[in-house]
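**Q** First the structure, which I've put down as structure tokens, then a few questions once you've had a look.
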There are 4 protein chains.
Amino acid sequence: MRVVDVEKPVPGEGEALVQVKAVGICASDVHWYLDGRIGDAVMTDPLILGHEFAGVVAEVGPGVTCVKPGDRVAVEPAIPCYKCDRCAVGEYNICRHVKFCGTAPTDGALREFIAWPESLLAPIPDSMSVDEAAMLEPLAVGVYAVSLVEPILGCTVAILGAGAIGLSILQAAKAAGCEQAFITDLIPERLELAQKLGADQVFDASDPGLVASIKAATHDLRPDVVFEAAGENEAVIQAIDMVRPGGQVVIGGIPYEDVVSFPAAMARRKGLTIRMLRRSNGTLERSIKLIESGKIDVSSYATHRFPLERVVEAFDVARFRRDGAVRVVVEL
Amino acid sequence: MRVVDVEKPVPGEGEALVQVKAVGICASDVHWYLDGRIGDAVMTDPLILGHEFAGVVAEVGPGVTCVKPGDRVAVEPAIPCYKCDRCAVGEYNICRHVKFCGTAPTDGALREFIAWPESLLAPIPDSMSVDEAAMLEPLAVGVYAVSLVEPILGCTVAILGAGAIGLSILQAAKAAGCEQAFITDLIPERLELAQKLGADQVFDASDPGLVASIKAATHDLRPDVVFEAAGENEAVIQAIDMVRPGGQVVIGGIPYEDVVSFPAAMARRKGLTIRMLRRSNGTLERSIKLIESGKIDVSSYATHRFPLERVVEAFDVARFRRDGAVRVVVEL
Amino acid sequence: MRVVDVEKPVPGEGEALVQVKAVGICASDVHWYLDGRIGDAVMTDPLILGHEFAGVVAEVGPGVTCVKPGDRVAVEPAIPCYKCDRCAVGEYNICRHVKFCGTAPTDGALREFIAWPESLLAPIPDSMSVDEAAMLEPLAVGVYAVSLVEPILGCTVAILGAGAIGLSILQAAKAAGCEQAFITDLIPERLELAQKLGADQVFDASDPGLVASIKAATHDLRPDVVFEAAGENEAVIQAIDMVRPGGQVVIGGIPYEDVVSFPAAMARRKGLTIRMLRRSNGTLERSIKLIESGKIDVSSYATHRFPLERVVEAFDVARFRRDGAVRVVVEL
Amino acid sequence: MRVVDVEKPVPGEGEALVQVKAVGICASDVHWYLDGRIGDAVMTDPLILGHEFAGVVAEVGPGVTCVKPGDRVAVEPAIPCYKCDRCAVGEYNICRHVKFCGTAPTDGALREFIAWPESLLAPIPDSMSVDEAAMLEPLAVGVYAVSLVEPILGCTVAILGAGAIGLSILQAAKAAGCEQAFITDLIPERLELAQKLGADQVFDASDPGLVASIKAATHDLRPDVVFEAAGENEAVIQAIDMVRPGGQVVIGGIPYEDVVSFPAAMARRKGLTIRMLRRSNGTLERSIKLIESGKIDVSSYATHRFPLERVVEAFDVARFRRDGAVRVVVEL
């Protein structure tokens, strides 16, 4: 990875030029960085990474009416085709021809200026910092994850993984009235943060007795819903193992292996519903409101900050989750 | 496995004594026969197998009002506890304390007489044979499988596996108005039967180009829903691979391995919903009506018939799917 | 109403010029004709009516890629704004700024040529006549109505009203596997047609014992789902009265009164779910397939045909449902 | 209404004798008191009213295992038949043969002792008073009402009526993460209480500009969900009028008229989903937890308290909602 000079883009019809101010580094960025691929999406040319970002509108292209220069904006990183059968029913996150910022072959946001459709920009309130705005993307994923399951008012949930996605799911679940939220991680600093953000109990993900402990914490009833946000095969297995019969499991992490071990017999006997989490859909505006009203706090996600010229260092902190890193943010 | 003398049971309060007339042999019976276990359900004592059965009421216990001696009945093989949280919301198929006929430690139906709660007996019409009535159990599973997914009127579905469950799903899906139903199997006789029962196209499950062929048959749109009823890890992988983005996969087969390989990356990128099929719930009456009205035909499932004394032979035919066996029925 | 000369429209960017071949007259057209309004949608200027139509592409505007001159097409009559919160989640039928063909102030299809967005045109197969294609609009409404309720495989449904919408709901419900479909109307010819199209039992809607008769026909269990497609307050009351506890009622008719009498106490005690039917959404393509595969037949809807110059006569037949009129089609 | 001597009941098999400690007076009790009927449920003999109650177990009948003398308990007032088709799928609140405490012909709880099935008793924590426990019934209705609609995390809701049901819906909706909750009532004291319990804005229900004001408070987007809990026809009309297109309306009030005026044209154009609220189902335990964890507070509902001998006075305060009465509680 290196910093290069690229031409400043010219915003086209309906596009705004956004001066990028903050970019979060997501586990998927690290996948691209290390492997040059995620599953069968493979990078063949040099790629600018980054899709969790916010900035300021610098210029607007022809026909732009909703934003103007100077507007501080959060960004929806997926550009749907609006033509396929999935777009036709509003399932933009699984558009058959989506272009996703920072996913090959679409260049991402780790640069000074990026041109983006105005319809995918959301002005943010004055009270919100650009660092917080850059965290809106993982928050929108968390809010979307919670929207995939039955109403959880009064339910018990477990979240496996306390990174930015896991913490967002935690906060969205608590905001949606879950009675008990358990969360696991390997890193003590993350578990501490989870507790500050509302977790009722935290657990060491490497404890071989984890499933038994969580079972005990529910008086043997087991959690109603389990969200996997750790990106580890082991977490998928734990999720299936700990959830109650008839429960729901949302699998959101990106394991290094494309194919994982899956305890099918157990899942079948429990009659589970499993939702595979694909990015987010329609939850950006709601996420802004949840921060604005104080129900959810993303200001603590950005545990580390680097300027653009130290981007390689930033990726290394993110990669090894150094010093309890939750989100590493590159600031411009 | 051997035939032994057991005492004729005495029907208790609310129970009827059923003279068993026909018992289908299911893949799960074969699992018990070969391995003495299914997943972590393990048999420790000798067990009478069999849960797909029908018979005639011979006697009734105290307080029985809904059936009388002479009634021909189909049987719901699961006895829920009616007390746990799952029963409280009508999810009887995942009752935490269910007793299932022929699943350790509850003896099954491969015997002359069995006592069963009257509330779990369904009188069958005169037009229905006991062999057909014994096939109501797999049919109820198929009808339940189809009820787990979004309405499929006008949709394209694929069914992997053309045994009794697969054929029941096929027929239920066609009855529910799916536009195209594809089905796969390894055995030509089963595929022929599937075609007679309404399959629009049949495929050899061992063809390495299977997924590509099914994709082509949908003009690259891929099936909206895929039902796995083959009990093979390979079929689980095919299901995830062939379904469309945002599609639904129902996993119903019982692979020999408790833990299977699962293409998580692919499933996540497609944002799939996966339903694990656990027996059936509340679909027995509806299944009777579907046969009665001629919408569904199970009379062809019973490809082989044996008397009770040849039960070991019956299991061997079922085990090796000899001569294109769909269902082997033991007749008493 | 009168026939006037209007200028031939010029197709804009992304639009095709459609030579109109057949236009069905819907109850809503008759409302406009008689009252100049439907609810608080009021016509202030002369309006060209007609929204159930099909034709042939005559010319294409700039940027059109999906249709070409000579293509025979069915038409989606609603043009969503694609910008409001409803469009953002794919609920195009309740778009906050929708333009609907033949609804003030958007001129309709009762004319020789109309320009329409190519994305709202669906090429029809050679086997389909333009009269049938004009009937795709009410069929899409019927298919959508059925999609609003829980899966109806093996259920009992009642449809109140056997006009083009009612018959479309009937056929969609039968195609979706309902066990019994009852239908009511005032006009014997319509009930006869309903029987040909699959109704299991037909009833005179004016019979004061109607609800009791339908209850009896279900052995007192009552229909699981009732679709109101009569546009009469009485039918709304019958629907609430006849449906089973916990049942679903879809209200689709357009009564002359904006405010109707509603048996709230009965509906509340039954804990009903009531869906108000607003046009259709995403069911046009599926409706074409359902006709093409022979599952549904709309060829008998067009009971009367008139040339454009006799349009007033056509409206009078439609208005008074003369000679058992189902759909009156104006042919050009 | 008068106080009479009745025999102390003897608890049967599976029943406990409960010494009644507190009984709330609900609007439905007032209906019975004034009219001797609700809809077509008609009282023909003298009836003991009361169904919102709590008490202490005094004795237990044979076979009782879950409660013991001395246990303080909340009570589920509906006894389902456990045999009909609705019970079979867990829809106990619309059981076809339900017996409801204090609804003709089943005597209610306004007496010293009542025998009740142990399975419908829920032990309450020490921290909960019996007055609070008596309020669990309306709270369970509120929690159930919120469970009927799509997840409301980040949504805007309006609640029409700030009685015990309306306030329970309010608190359940806030606990489920709704972004804004508006509430209306005629009585200023109730609106004050609503504000203390979390309402974001309160409105005078008699203001002719009510719908316009609420529309303005949502920047013209209108509430996503409206709950009617006022029992006034006018509130039903307001609900339909104020909700957004595609929104959900839950109708829970019991108007004096069995048949109400219903703006069908408006509801149809908006494509609304309307849920008729029938008591509650499966939300009693969850309601206990919501109080125990401090998410919901019902201690302020009991605005007035009377001993049993002043029950007529109690009903008059409830009937005329004197002094801003929310719940009048009869204490024994």
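The values are calculated or read from the model by the stated rules, or taken from the named source; none is laboratory data. Values in this document were obtained by computation on a predicted structure and should not be read as measured data. Methodologically, a virtual Cβ is constructed for each residue, glycine included, from the backbone with ideal geometry; neighbour enumeration extends over all protein chains shown. We work out accessible area using only protein heavy atoms, side chains counted, and drop any ligands, DNA or RNA first. Shrake-Rupley method; radii C 1.70, N 1.55, O 1.52, S 1.80 Å.
**Q** Between C:ASP126 and D:GLU292, what FRET efficiency follows from the Cβ-Cβ distance if R0 is 60 Å, with the result rounded to 0.05?
**A** The pair C:ASP126/D:GLU292 has a calculated efficiency of 0.30.
**Q** Something else now. Whole-Hz ³J(HN,Hα) for each residue in the stretch C:218-235, computed from phi via Karplus 6.51 cos²θ - 1.76 cosθ + 1.60 with θ = phi - 60°, x for glycine and proline: what do you get?
**A** Per-residue couplings from phi come out as 9, 6, 6, 7, 6, x, 6, 9, 10, 9, 8, 9, 9, x, 10, 3, 4, 5 Hz.
**Q** Tell me which residues come under 5 Å, amide H to amide H, from C:PHE227 once H is placed; ignore anything under 5 positions away on its chain.
**A** HN-HN under 5 Å from C:PHE227: C:ALA158, C:ILE159, C:LEU160, C:VAL250.
**Q** How many partner chain Cβ atoms sit within 10 Å of a residue's Cβ in peptide A:269-280, on average, as a whole number?
**A** On the way: counts 10, 3, 11, 6, 5, 9, 5, 13, 2, 8, 3, 0.
Counting other chains' Cβ atoms within 10 Å and averaging over A:269-280 gives 6.
**Q** Also, I was wondering about something else. So the label point goes 7 Å from the Cα of D:ASP316 along Cα→C-beta, right? Which residues of the stretch D:15-50 then have their backbone N under 15 Å from it?
**A** Zone members listed by number: D:34.
**Q** Right, next: Within 10 Å of each Cβ in D:168-175, how many Cβ atoms from other chains are there, averaged over the peptide?
**A** 2
**Q** So, one more: Going by the alpha-carbon gyration tensor, a ≥ b ≥ c the square roots of its eigenvalues, is the stretch B:1-143 rounded (a/c under 1.5) or, if a/c is not under 1.5, prolate (a/b greater than b/c) versus oblate? Walk me through the intermediate numbers first.
**A** Working: a/c = 1.38, a/b = 1.18, b/c = 1.18.
Rounded is the answer for the stretch B:1-143, as its axis ratio a/c remains below 1.5.
**Q** Tell me, Kirkwood radius of the protein assembly as shown from alpha-carbon pair distances, in Å?
**A** Numbers: mean 1/r = 0.0301 Å⁻¹.
Radius from the Kirkwood sum: 33.2 Å.
**Q** Same structure, new question: Please find, in a Gaussian network model of chain A (springs between Cα atoms separated by less than 10 Å), the residue of A:GLU52, A:GLU132, A:GLU292 whose mean-square fluctuation is greatest.
**A** Evaluated over chain A, the most mobile residue of the options is A:GLU292.
**Q** How many Å² of accessible area per residue for the protein assembly as shown, probe 1.4 Å? Walk me through the numbers before you get to the answer.
**A** Working: 50160 Å² over 1328 residues.
Dividing the accessible area of the protein assembly as shown by its residue count gives 38 Å².
**Q** Give the chain B residue with the shortest beta-carbon distance to the rotation axis relating chain B to chain D, plus that distance as a whole number of Å.
**A** Its Cβ sits closest to the axis: B:GLY90, 1.
**Q** Quick one: which residues, 5 or more positions from D:PHE306 or on another chain, have an amide H under 5 Å from its amide H? H modelled 1.01 Å from N in the peptide plane, none for Pro or chain starts.
**A** D:VAL329, D:VAL330, D:GLU331
**Q** Ignoring ligands, DNA and RNA, what percent of the 1.4 Å accessible area of the protein assembly as shown is carbon and sulfur?
**A** Values: 24750 of 50160 Å².
Ligands and nucleic acids excluded, carbon and sulfur reach 49 percent.
**Q** Name the most mobile residue of C:PRO263, C:PRO62, C:PRO138, meaning the one with the largest mean-square fluctuation, in a Gaussian network model of chain C with Cα contacts below 10 Å.
**A** Result: C:PRO62 has the largest fluctuation of those listed.
**Q** Determine the relative contact order of chain D: mean sequence separation of Cα pairs under 8 Å and six or more apart, normalised by residue count, in whole percent.
**A** 18
**Q** On to the next question. Around B:LEU49, under 9 Å between beta carbons, what's the net of Lys plus Arg minus Asp minus Glu among the other residues?
**A** On the way: positive: none; negative: B:ASP29, B:ASP107.
That works out to -2.
**Q** OK, next. What net charge is computed for the residues neighbouring B:LYS215, neighbours being all others with C-beta under 10 Å from the C-beta of B:LYS215, Lys and Arg scored +1, Asp and Glu -1? Intermediate results must be reported in sequence, preceding the final value.
**A** Numbers: positive: B:ARG222, B:ARG244; negative: B:ASP220, B:ASP241.
With Lys, Arg at +1 and Asp, Glu at -1, the net is 0.
**Q** Right, another one. How big is the C/B interface in buried accessible area, both sides summed, 1.4 Å probe, to the nearest 100 Å²? Mind showing how you got there, number by number?
**A** Details: alone 15050 and 15020 Å², together 28630 Å².
In total, this chain pair buries about 1400 Å².
**Q** Can you tell me the order of C:278-290, B:32-44 when each peptide is scored by its average per-residue count of other Cβ atoms within 10 angstrom, highest first?
**A** With the highest mean Cβ count within 10 Å placed first, the list reads C:278-290, B:32-44.
**Q** With the label 7 angstrom out along Cα to Cβ, how close does B:PRO9 come to the same site in each of the other copies, in nm, nearest first?
**A** When each copy's label point is compared with this one, the spacings are 3.5, 7.0, 7.1 nm.
**Q** By per-residue mean of other Cβ atoms within 10 Å, what is the highest-first order of A:158-165, D:170-177, A:269-276? The partial results should precede the final answer.
**A** Details: A:158-165: 29.4, D:170-177: 26.9, A:269-276: 21.9.
Going from most to least packed, we get A:158-165, D:170-177, A:269-276.
**Q** Okay, next question. Add +1 for every Lys or Arg and -1 for every Asp or Glu among the other residues with Cβ under 14 Å from the Cβ of C:LEU170, and state the total.
**A** Details: positive: C:LYS174, C:ARG190, C:LYS196, C:LYS295; negative: C:GLU179, C:ASP185, C:GLU192, C:ASP200, C:GLU228, C:ASP297.
With Lys, Arg at +1 and Asp, Glu at -1, the net is -2.
**Q** Next up: Once the label point is set 7 Å along the Cα-to-beta-carbon vector, what list of distances in nm do you get between B:SER293 and its counterparts in the other copies?
**A** In nanometres, ordered from closest: 1.8, 4.4, 4.5.
**Q** Expressed in nm to one decimal, what extension gain is obtained for the pair B:VAL42 and B:VAL89 from 0.36 nm per residue of sequence separation less their Cα-Cα distance?
**A** Details: separation 47, 0.36 × 47 = 16.92 nm, distance 2.80 nm.
Working it through step by step, the gained length comes to 14.1 nm.
**Q** Provide, for q = 0.16 Å⁻¹, the log10 of I(q)/I(0) from a solvent-free Debye sum over equal Cα point scatterers in the stretch C:142-276.
**A** With one equal scatterer per Cα and no solvent, log10 I(q)/I(0) is -0.70.
**Q** Follow-up question, since we're still on this one. Using a 10 Å cut-off on Cβ to Cβ distances, tally the other chain neighbours for every residue of B:288-298 and report the average as a whole number. Provide the component values of the computation, followed by the final result.
**A** Values: counts 1, 5, 4, 0, 1, 5, 0, 4, 2, 0, 0.
Other-chain Cβ atoms within 10 Å of each residue's Cβ, averaged: 2.
**Q** Quick one: label points 7 angstrom along Cα→Cβ at D:ARG37, distances to the other copies in nm, smallest first?
**A** 3.7, 6.6, 7.6
**Q** May I pose another question? Please work out the Cα center distance from the stretch A:47-69 to the stretch B:1-79, rounded to the nearest Å.
**A** The distance from the Cα centre of the stretch A:47-69 to that of the stretch B:1-79 comes to 68 Å.
**Q** A 25 angstrom limit on the alpha carbon distance is what I want to check against. Which of B:LYS295/C:LYS295; B:LYS215/C:LYS99; C:LYS270/D:LYS83; B:LYS196/C:LYS295; C:LYS215/C:LYS295 exceed it? Provide the component values of the computation, followed by the final result.
**A** Working: B:LYS295/C:LYS295 14 Å; B:LYS215/C:LYS99 37 Å; C:LYS270/D:LYS83 17 Å; B:LYS196/C:LYS295 18 Å; C:LYS215/C:LYS295 28 Å.
Cα-Cα > 25 Å for B:LYS215/C:LYS99; C:LYS215/C:LYS295; rest within.
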